[in-house]
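Trainee: Let me give you the structure first, and then I'll get to my questions.
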Amino acid sequence: MKRIAVYCGSNKGVRPEYAAAARELGALLARERIELVYGGGSGGLMGIVADAALQHGGHVIGVIPEKLHIREIIHHGLPDLRIVKDMHERKAMMAELADGFIALPGGYGTFEEFFEVLAWSQLGWHPKPFGLLDVAGFYAPLLKFLDHTRDEGFIRPQHRELVLVSDSAEKLLPQLRAFRPQSEVKWIK
């Protein structure tokens, strides 16, 4: 695993545990010599995870759309910043660059990126692992909803298992490394 795309909030959230987890993840990726691919911003958890990776000698690739490429948002300390046309291009490039994905707490953008990459996996479009870093139980309601969706017959059990979960980066990274893609795609029974 050479690169991991991290999806997370452009805000810090209200709990200090969120920022601590972002710092821990950035530092861990750097120590493990795994490059960080992320949204290119300087604020919130995005900036924290990037700063931690850089401070620990890691390589960071930021991918940011032209419309967000403004002085107040962009992270100016990145060794590799890629400016793309729009959000669709950003998500495609991040997915192409990454060998796996992790979501820290975040908002609409984080959820949208999470579900898109997850749907691509369900369809068999990529074999890459996806993990939720469930900091302070942030993702517990979502995980309950995913279980409900499975129980109601909208997600197959093997597709529900595509979402790897841990409350620490140290535990989540080995899960991503051990992941083996499912062989059955959504449309095949």
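The values are calculated or read from the model by the stated rules, or taken from the named source; none is laboratory data. Because the structure is predicted, anything quoted here is derived from the model rather than measured. Using ideal geometry, Cβ is built from the backbone for each residue, glycine included, and neighbour counts are taken over all protein chains shown.
Trainee: Mind telling me which of the residues Ser121, Ser168 ends up being out of contact with any strand residue (DSSP E or B) (no Cβ under 6 Å at 6 or more places or on another chain), within 22 Å of Glu24 (Cβ to Cβ) and of a type in the set (S, T, N, Q)?
Mentor: Working: Ser121 fails: within 22 Å of Glu24 (Cβ to Cβ).
Exactly one residue qualifies, and that residue is Ser168.
Trainee: Among the listed residues Gly124, Gly153, Gly137, which satisfies the condition of being more than 17 Å from Tyr7 (Cβ to Cβ) and at pLDDT below 95? Before you say what the answer is, go through the steps one by one.
Mentor: Numbers: Gly153 fails: at pLDDT below 95; Gly137 fails: at pLDDT below 95.
Among Gly124, Gly153, Gly137, only Gly124 is more than 17 Å from Tyr7 (Cβ to Cβ) and at pLDDT below 95.
Trainee: Test each condition in (1) more than 14 Å from Thr110 (Cβ to Cβ); (2) more than 16 Å from the chain's Cα centre (by Cα) for Glu35 and report the one that comes out false.
Mentor: All conditions pass for Glu35, except number (2).
Trainee: Looking at Glu152, Glu161, Glu113, Glu170, can you tell me which residue is loosely packed, with under 13 Cβ neighbours inside 10 Å and under 18 Å from Val49 (Cα atoms)? If you could, list the steps in order and put the result at the bottom.
Mentor: On the way: Glu152 fails: under 18 Å from Val49 (Cα atoms); Glu161 fails: under 18 Å from Val49 (Cα atoms); Glu113 fails: loosely packed, with under 13 Cβ neighbours inside 10 Å.
Sole residue among the options that is loosely packed, with under 13 Cβ neighbours inside 10 Å and under 18 Å from Val49 (Cα atoms): Glu170.
Trainee: Also: Which residues, taken from the stretch 96-141, are assigned to a helix (DSSP H, G or I), touching a residue at least 12 places away in the same chain (Cβ under 8 Å), over 16 Å from Ala21 (Cα atoms) and aliphatic (A, V, I, L, M)?
Mentor: Leu97, Val117, Leu118
Trainee: Assess whether Leu36 counts as being without any contact (Cβ under 8 Å) to a residue 60 or more places away in the chain, at negative phi and surrounded by 14 or more Cβ atoms within 10 Å (Cβ to Cβ). I'd like the intermediate steps shown before the answer.
Mentor: Details: without any contact (Cβ under 8 Å) to a residue 60 or more places away in the chain: yes; at negative phi: yes; surrounded by 14 or more Cβ atoms within 10 Å (Cβ to Cβ): yes.
Considered against the rule, which asks whether it is without any contact (Cβ under 8 Å) to a residue 60 or more places away in the chain, at negative phi and surrounded by 14 or more Cβ atoms within 10 Å (Cβ to Cβ), Leu36 comes out as yes.
Trainee: How many residues, within the stretch 10-31, are touching a helix residue (DSSP H, G or I) at 6+ places or on another chain (Cβ under 7 Å), over 17 Å from Asp167 (Cα atoms) and not aliphatic (A, V, I, L, M)?
Mentor: 3
Trainee: Here is a further query. Which residues, taken from the stretch 74-95, are part of a loop (DSSP other than H, G, I, E, B) and farther than 17 Å from Val6 by Cβ?
Mentor: Of all residues in the stretch 74-95, those part of a loop (DSSP other than H, G, I, E, B) come to 75-79, 85-86.
His76, Lys85, Asp86, listed by residue number.
Trainee: Give Pro16, Pro79, Pro65 a once-over and let me know the one that is of a type outside the set (Phe, Trp, Tyr), out of contact with any Pro (no Cβ under 8 Å at 6 or more places or on another chain), surrounded by fewer than 18 Cβ atoms within 10 Å (Cβ to Cβ) and without any contact (Cβ under 8 Å) to a residue 12 or more places away in the chain.
Mentor: Values: Pro79 fails: without any contact (Cβ under 8 Å) to a residue 12 or more places away in the chain; Pro65 fails: without any contact (Cβ under 8 Å) to a residue 12 or more places away in the chain.
After ruling out the rest, the residue left standing is Pro16.
Trainee: How do the strands (runs of 3 or more DSSP E) wholly within the stretch 1-73 filter down when requiring 1 or more residues that are under 23 Å from Ala178 (Cα atoms): which remain?
Mentor: 3-7, 35-38
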